[in-house]
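First up is the structure itself, then whatever we jot down about it.
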Amino acid sequence: MIILGIETSCDETAAAVVKDGTEVLSNVVLSQVAVHQPFGGIVPELASRKQMEFITWVVHQAMEQAKVSFDCLDAIAVTYGPGLIGSLLVGLSFAKGLALSTGLPLIPVHHLEGHLFSAFLKQKDKDGDGFQPPYLCLIVTGGHTELVWMTRVGRYQVLGQTLDDAAGEAFDKGARALGLGFPGGPAIEKAAQGGDESAILFPRATLEGPFDFSFAGLKTSLYRYLKGLEKRLERKVRPTFADICASYQAAIVDMLLQPLERAMEEKEAPALIVVGGVAANQSLRRRLEDLAQKWRARLLIPPPYWCTDNAAMIAAAAFFRLKEGLSQPDLFADADPRAPLPSFSEAVSN
Amino acid sequence: MENQHKSSHNNPFTILALETSHEIVSCAVCDGYHLLSQTQLYSYQDLSRRLPQLVTETVKRIGRSLNQIDVIAASLGPGSFTSLRTGLAFAKGLAVGLNKPLLGISSLDALANAIQHLSDALIVCLYPSRPSRPLEVYYARYRIQKGEVHKISHESCEEFPLLLNSLSDGHWSVVLLVGYFNAEIADYWKHQTDGKDKIFVYRRPSAYKIALAAVRRIGREGLKGETDEVTPIYVLPAPPM
């Protein structure tokens, strides 16, 4: 089954052709990072305008690189949410026009469900994991931080999520305060090289929900520290800039690891999936490897280029949903900027 | 030129047109200037959901299929950003899937093109822009000479009273305002004293008018599709620039 995926939920215009949910025939991603860099964050109206300019070219590229025509396709998959409404509508409307004129079924896909299936895309050097649930999944992007227990395709129990900012947002806002560029994740990671993680003890929030996350307090603490108000946090005399970045990064990684470890223990998870843009962070990856080893769990982290938003994951998710009979072709789907993960309702057994 | 114009009369292109610049969204199918079918609906924040059915119904009602369409024409506005993008992105998808050219038409041009029976006049096409600025209008100016419409200024944005003011010092014998208005603009128009020499014609851009403008353009320039990057006419910059 060959599926064309289209993804325009935020500031990336992406299209991909994927065979049987794992074999990527083409994967085209056009990032608008340069457009939004002067503003230190994504400007929604600007993002929608750029999506409009790029969408046709990106889809043509994906079809050309995969060397397929529309006759070879079995379905078109497109992100319907969550994301920026203006951006979502461009991809969704384009996909609808394409589906209507080619007669192909249109499969709307949830953006985060797409991220989950990026873990099963085949890489050059190694085979995929196959699909052997259950999986404990950590989704960490610029807009979302969620801990999900997946028992099968389409069955997701959200164990916990962020109460305020997303992990990627904490990186972006931290980077802005530190005078580093956008996007913040790679910028802080680079600036933190050679820094001492224990130079400053930024606070790690303790929350009521054992699997929830919170980054707002940490962010405020960094703002206050940079203003010279929180000297007491220093564990080292005159920390360097690299020390500050490394300490801030370590705090974010710690905040992610604590609920994850608790969930590993409770669910006795045999496998761990970590996806989303923040999963490209090397410091987080090292800590995750240690964690997986400690619990003897399989660890699935896609390579960095599949961690960020792409359309191959959308096509992959559509394939798995179609295979399980969970998705019907739907030309009437609406964009939903706050769509919850689509879990079909069985009594949740704990 | 004249020959091309005629040939498009004798063997007309079948055009599918979409107008999504305002809340009364429409879709039309035409053989050249000849309207075969037009459907409209009132849409508020549900355009993407309802567009496929709108198009399917318009085409099926006359017993045709999408494969018989030669050209797609879509409105470029100006108007509601999101609504225009939804319509244009849908039109782009249709054009790619059918492998047919896409023409983007200014909705103000479409309004001006529908006025023909005047000899020498200034036409100002306009309609309200943003709900937050009730007196502000999108407008463009056209000159009509011997039945031919010529655009003399690009799409812009102005407060209605200021626009009216700027029109009063011209040397035109006839000034025609074409478009639609909201309550605030209607109120202002009713109570202002000068400018009674101007005529306000209430018209909304429709898919059929978009198709007519497309046919004229094809007659004038031949059938040349837009580039992939074509975007709506925003007039206003994206915040926070």
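The values are calculated or read from the model by the stated rules, or taken from the named source; none is laboratory data. All values derive from a computational prediction rather than experimental measurement. So basically every Cβ, Gly included, is an ideal-geometry build from the backbone, and we count neighbours across all protein chains shown. Accessible surface areas use protein heavy atoms only, side chains included; no ligands, DNA or RNA. Shrake-Rupley method; radii C 1.70, N 1.55, O 1.52, S 1.80 Å.
Numbers at a glance
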quantity: Degrees separating the helix A:85-102 axis from the principal Cα axis of chain A, which is the longest one; calculated: 20 degrees
quantity: Whole-Hz couplings from phi, Karplus 6.51/-1.76/1.60, listed for region B:129-136; x for Gly and Pro; calculated: 9, 10, x, 6, 10, x, 9, 7
quantity: Cα Rg, Dmax, region A:36-135, angstrom units; calculated: 16.1, 44
quantity: ³J(HN,Hα), Karplus 6.51/-1.76/1.60, whole Hz, each residue of region A:286-301, x for Gly, Pro; calculated: 4, 5, 5, 4, 4, 4, 4, 5, 4, 9, 6, 10, 6, 10, 10, 10
quantity: Cα radius of gyration and Dmax for region A:265-328 (Å); calculated: 14.2, 41
quantity: Antiparallel content of DSSP bridges confined to the protein assembly as shown, in %, to 5; calculated: 65 percent
quantity: Qualifying chymotrypsin sites (Phe, Trp or Tyr not before Pro) in region B:37-93, DSSP loop, other Cβ atoms within 10 Å at most 12; calculated: B:44
quantity: Three semi-axes of the equivalent ellipsoid, region A:101-173, Cα gyration tensor, whole Å, largest first; calculated: 24, 18, 15
quantity: Loop-located trypsin sites (Lys or Arg not before Pro) in region B:130-201, at most 15 other Cβ atoms within 10 Å (DSSP); calculated: B:146, B:196
quantity: Cα-based helix-to-principal-axis angle, A:44-66 vs chain A, degrees rounded to 10; calculated: 60 degrees
quantity: Estimated [θ] at 222 nm from DSSP helical runs (n ≥ 4, -39500 (n - 2.57)) normalised by residues in chain A, nearest 500; calculated: -12500 deg cm²/dmol
quantity: Centre separation in Å (Cα based) which lies between region B:107-181 and region A:114-170; calculated: 54 Å
quantity: Zero-based 5 Å bins, Cα pair distances in chain B, whole percents; calculated: 1, 6, 14, 18, 18, 16, 12, 8, 4, 1, 0
quantity: With every protein chain in place, region B:118-202: carbon and sulfur % of accessible area (1.4 Å); calculated: 52 percent
quantity: Built amide H within the under 5 Å cut-off of residue B:159, gap 5+; calculated: B:137
quantity: With Cα atoms, 0 to 90° folded angle of helix A:312-323 axis to chain A main axis; calculated: 60 degrees
quantity: Long-range amide H partners of residue B:118 with built H, under 5 Å; calculated: B:147
quantity: Loop-located trypsin sites (Lys or Arg not before Pro) in region B:23-87 whose Cβ has at most 14 other Cβ within 10 Å (DSSP); calculated: B:61
quantity: Translational D in µm²/s for region B:118-202 (Stokes-Einstein at 4 °C, 1.567 mPa s, Kirkwood Rh from C-alpha pairs); calculated: 99 µm²/s
quantity: Vicinal HN-Hα couplings computed from phi for region A:213-227 (Karplus, 6.51 cos²θ - 1.76 cosθ + 1.60; Hz; Gly/Pro x); calculated: 10, 8, 10, 5, x, 4, 4, 4, 4, 5, 4, 5, 4, 5, 7
quantity: Two-decimal ratio, region B:43-143, of alpha-carbon radius of gyration to 2.2 N^0.38 Å; calculated: 1.28
quantity: Residues residue B:130 and residue A:240, FRET efficiency given R0 of 41 Å [Cβ-Cβ distance, rounded to 0.05]; calculated: 0.25
quantity: Of all DSSP beta bridges in region B:118-202, antiparallel share, percent nearest 5; calculated: 65 percent
quantity: Taking only Cα atoms of the protein assembly as shown, radius of gyration then Dmax in Å; calculated: 27.7, 88
quantity: Equivalent ellipsoid semi-axes, region A:238-348, via Cα gyration tensor eigenvalues times 5, rooted, Å; calculated: 32, 19, 14
quantity: Inter-site label distance for residue A:331 and residue A:216 at 7 Å from Cα along Cβ, in nm; calculated: 4.4 nm
quantity: Equivalent ellipsoid dimensions for chain A as semi-axes, Å, which come from the Cα gyration tensor, largest first; calculated: 35, 23, 17
quantity: Charge tally in the Cβ shell below 11 Å around residue B:105, where Lys, Arg are +1 and Asp, Glu are -1, residue B:105 excluded; calculated: 0
